[in-house]
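Colleague: Take this structure first; my questions come after.
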Amino acid sequence: MGRTKVFLDRKWRSDEGTFGLLTCPPVGFAAFVCELPWRNNQTSISCIPPGEYVALPHLSHTFGRVYWLQDVPGRSFIYIHPGNVGGDEAKGYRSHTEGCILPGRRRGALWGQEAVLMSRPTVTEFLDTMQGRELVVRVQEYV
């Protein structure tokens, strides 16, 4: 059995974060996502570059069950994990990520900034739906 294709389509971005959709058509999964703003792929302050990445199931000491994107240029430990906000902290926004992908069921606001909501149950649904499959995550820009 081959790897399952997942699409991360970035739709809009600002200093409050990069937002889009995470979809896996073969299994019918869809969620909103939040990532950091683009800051030239700088560690801990930028989202990752567009491209295709293998993602493997992983048990993180911090987040528990996650998917871990492999071979991201210049980066390590890029996970799909729970979180709500991904703003530029240098500009006064809050962030629950240092480059990872944060899925959520809905868009909304927390602390006066754009956010994804219901992240923990959305990540659990994603993990349960993927059933430990190896994934190929295609990160695409539409912004």
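Each value in this text was obtained by applying a stated rule to the coordinates, not by laboratory testing. These numbers were taken from a predicted model, which means no experiment stands behind them. Positions of Cβ are generated from backbone atoms using ideal geometry, with glycine treated the same way; all protein chains shown enter the neighbour counts.
Colleague: Here are a few candidate values for volume of the Cα convex hull per residue in Å³: (1) 131; (2) 189; (3) 97. Which one was actually calculated from the structure I just gave you?
Modeller: (3)
Colleague: While we're looking at this one, here's another question. Which net charge results for the neighbourhood of GLU134, defined as the other residues with beta-carbon distances under 12 angstrom from its beta-carbon, given Lys and Arg at +1 and Asp and Glu at -1?
Modeller: +3
Colleague: On C-alpha positions alone, give me the angle between the axis of helix 119-130 and the longest principal axis of the chain, in degrees, nearest 10.
Modeller: For 119-130 against the chain, the angle is about 20 degrees.
Colleague: Gain in length, SER60 to ASP128, computed as 0.36 nm per residue apart minus the alpha-carbon separation, to one decimal in nm?
Modeller: 22.8 nm
Colleague: So, one more: What distance in nm separates the two pseudo spin-label positions at LYS91 and LEU21, each 7 Å out from Cα along the beta-carbon direction?
Modeller: 2.5
Colleague: Can you tell which of GLY132, ALA90, PRO103 lies farthest toward the positive end of the dipole of segment 78-143, using +1 and -1 charges on the Cβ of basic and acidic side chains (Lys, Arg; Asp, Glu)?
Modeller: Of GLY132, ALA90, PRO103, it is PRO103.
Colleague: Continuing with the same structure: Could you please state, rounded to a whole Å, how far the C-alpha centre of segment 51-83 is from the C-alpha centre of segment 112-133?
Modeller: 14
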